[in-house]
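A.B. asks: I'd like to ask some things about the structure below.
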Amino acid sequence: NKMLLWQRSAYHFQPEENWMNDPNGVMYYKGWYHLFYQYNADSAVWGNITWGHSVSRDMIHWLHLPIAMFPDKWYDENGVWSGSATVLPDGKVIMLYTGSSFASAQLQNVAVPTNISDPLLIDWMKFESNPIIAPPPGIGITDFRDPTTAWYFPGDSSWRIVIGSKDSNKSGVSITYKTEDFLYYDLLPGSMHSVAGTGMWECIDLYPISTDKTVGLDTSTMSGSGVKHVMKVSLDDDRHDYYAIGSYDLEANTWTPDDPNIDVGIGLRLDYGVVYASKSFYDPVKKRRVLWGWVPESDSESADVLKGWASLQTIPRTVRFDQKTKTNLLQWPVEELEQLRGRNTEFSNVDLPAGSMVQLNIKTANTAELDITAEFEIIDQQTASPDDVVVGRYDCNTGGGASGRGALGPFGLLLLADEGLSEQTAVYFYLETLPNGNINTFICQDGKRSSAANDVIKSIYGSTVPVLDGEKLTLRILVDHSIVETYAQEGRTCITSRVYPTKAISEAKIYLFNNSTDTRVTATTVKIWEMNSAFNRPYNFENTTG
Ligand code: DQQ
């Protein structure tokens, strides 16, 4: 089936077949980036979870290795669930993960490489003393999972990890353990942080960021000037990743958000599309923090079974503090992605009067594999009529999408469009005027008309994006068959969604559009690169370079 084959990605990570979910144990080791992932080797639906394993020199081209861990012990018989890697100062690697036991209790375990001189880390050994942590009193046996990377506390020469859970009032909580040897663990009193009403916290990530430098920080960098800590949680109840920027007090083991109104789980989302269960690591080679996220399917389970696979990972993203706004992270595709950029077409100063649409003729028929950057400027900004001035009126999901019309938007791009425009995926800005005259800028991704199929989820995703005085409106969009990833204003707000066109699968068209009622917009520059495919294949053990 041509349509189903088309849906496979050309440069996003995916196994050759079957089901994948969370990224696990991401790290750099002896020249290779390692990605492990929740993997069902038997079918395209979740179940029988093992740890898939792939390696890469650049996080773009991947070589698949044998499965690293199987559910072969009583304590992980029901699945080798998510976990994280810690690379110790002496080079040893510790893998902490959750086993779902034969009785479905969530138990924490340790695995280590059998041979640490093997850069590929093919064979793994589970500790004799597993499980090393069982749910503490007051915590449900099925609400205790996904240990983090450990960080070092020089104060008492021990390591700390956190594990997510919920308490009896359905507050999300992070539970901390300390260990000196990764064999014995002590529960620290209290909870490092908790937020009422957020439910089970899956896949917690806690890491330092620099507020005055652009480099990333090793997970054990705890203090020093300009160090803040990001806490990220994946909310099981609403299936989204949330983060907040705050301070971590290592002595007291408490994390406090900078702004309690946008605490973790109730404020900023890592991605306003479908990304879930993300995890970051520190890359010592390029001194940066890199983040991965699971991108599930939005089609039906039967379609997944038919095509024989399900899920992608996001393009690895560098993540750092936004030194301009000081309120959010900046996420951006790792620079290595740019080596895949091929033929390029550029447009400048495309005039977009209110109600206009301009087709972009690009020098490729391969409109399913693109990297696009675009900048917009508003000319003749209309003052909104008093009727338009209602705070909080606009919302991407209910705002009428790309075809709704307002005084100051929507305007942006139509991608993966077929000849008659019956199929199209729109990425656009929408500006809302507030009573004080300030502007609220939204970035939205409209998949309502992305497919003629009726067994796929078609939504409009998005949120506000900070725009500072004098800034143009900027976008970067990665199109890779069934995935569209949008980064607005250098990655202040990100949206990733899945699309399943039925007609716009060959020679799809691209348009610029401005659907506002009376504002003129200029697309000052639009650059479109055709992307080359990244190889993504089994490791060749006969050839030492893979
Ligand atoms: N996926 C894993 C769990 C985790 C969940 C199981 C998040 O460890 O909480 O496949 O997607």
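A.B. asks: Using alpha carbon centroids, what distance separates segment 1-59 and segment 418-477, in Å?
C.D. replies: 29
A.B. asks: Specify whether the C-alpha gyration tensor of segment 18-132 places it in the rounded, prolate or oblate class, a ≥ b ≥ c being the square roots of the eigenvalues: rounded for a/c under 1.5, otherwise prolate if a/b is larger than b/c and oblate if not.
C.D. replies: Oblate is the answer for segment 18-132, as a/c is 1.5 or above yet b/c matches or exceeds a/b.
A.B. asks: Just subtract the alpha-carbon distance of Asp90 and Lys448 from 0.36 nm times their residue separation and send over the number in nm, one decimal.
C.D. replies: That works out to 123.7 nm of additional length.
A.B. asks: Taking the Cβ of Leu217 as the center, what net charge do the other residues with Cβ under 12 Å away carry, scoring Lys and Arg +1 and Asp and Glu -1?
C.D. replies: Summing Lys/Arg as +1 and Asp/Glu as -1 gives +3.
A.B. asks: Tally the DSSP beta bridges in the chain and give the antiparallel ones as a percent, rounded to 5.
C.D. replies: Beta bridges within the chain, antiparallel portion: roughly 95 percent.
A.B. asks: Taking neighbour Cβ counts within 10 Å as the exposure measure, how do Asp218, Asp351, Asp90, Asp212 sort from fewest upward?
C.D. replies: Asp90, Asp212, Asp351, Asp218
A.B. asks: Are there any trypsin sites (Lys or Arg not before Pro) in segment 183-284 that are in a DSSP loop and have at most 16 other Cβ atoms within 10 Å? List them by number.
C.D. replies: Those satisfying the criteria are Lys213, Arg239.
A.B. asks: Now for a different question. Of Ile460, Ala488, Ser194, which is farthest along the charge dipole of the chain in the positive direction, counting Lys and Arg as +1 and Asp and Glu as -1 at C-beta?
C.D. replies: Going by the charge dipole, the pick is Ala488.
A.B. asks: Still on this model: Where does the charge balance sit around Asp143 when Lys and Arg score +1, Asp and Glu -1, over other residues with C-beta under 13 Å from its C-beta?
C.D. replies: Surrounding charge for Asp143 is -2.
A.B. asks: Taking the dipole about the Cα centre of segment 342-531, with the C-beta of Lys and Arg at +1 and of Asp and Glu at -1, give me whichever of Gly470, Asn514, Asn440 is farthest to the positive side.
C.D. replies: The listed residue farthest towards the positive side: Asn514.
A.B. asks: Please report the spacing between the Cα centers of segment 152-197 and segment 243-286 in Å, no decimals.
C.D. replies: 16
A.B. asks: Of Ala365, Ile379, Leu329, which is farthest on the positive side of the dipole of segment 305-386, counting Cα position, with +1 on Lys and Arg Cβ, -1 on Asp and Glu Cβ, and the Cα centre as origin?
C.D. replies: Ranked along the dipole, the leading option is Leu329.
A.B. asks: While we're looking at this one, here's another question. When the dipole is taken about the Cα centre of segment 339-385, and only Lys, Arg (+1) and Asp, Glu (-1) are charged at their Cβ, what size is it in debye, to the nearest 20?
C.D. replies: Value, rounded to 20: 260 debye.
A.B. asks: Something else about it: Compute, for the chain, the length of the dipole vector about the Cα centre, with Cβ point charges of +1 (Lys, Arg) and -1 (Asp, Glu) only. Units Debye, rounded to 20.
C.D. replies: 620
A.B. asks: Something else now. Give the residue list of chymotrypsin sites (Phe, Trp or Tyr not before Pro) in segment 440-546 that are DSSP loop and have at most 15 other beta-carbon atoms within 10 angstrom.
C.D. replies: When the chymotrypsin sites (Phe, Trp or Tyr not before Pro) of segment 440-546 are filtered for loop state and at most 15 Cβ neighbours within 10 Å, Phe535, Phe541 remain.
A.B. asks: Give me the net charge of Met192's neighbourhood, meaning all other residues with Cβ under 10 Å from the Cβ of Met192; Lys, Arg count +1, Asp, Glu -1.
C.D. replies: Local net charge: 0.
A.B. asks: Check the cysteines of the chain one by one and keep only those with no other cysteine Cβ under 4.7 Å from their own.
C.D. replies: Cys203, Cys494
A.B. asks: A further question on this structure: Below 18 Å, Cα to Cα, which aspartates and glutamates can Lys472 reach? Residues fewer than 8 away in the same chain don't count.
C.D. replies: Candidates past the 8-residue exclusion: Asp322, Glu346, Asp351, Glu375, Glu377, Asp380, Glu432, Glu490.
No value in this document is a laboratory result; all are computed from the given coordinates. Because the structure is a prediction, the values reported are computed rather than measured. Every residue, glycine as well, gets a Cβ built from its backbone with ideal geometry; the counts of neighbours run over all protein chains shown.
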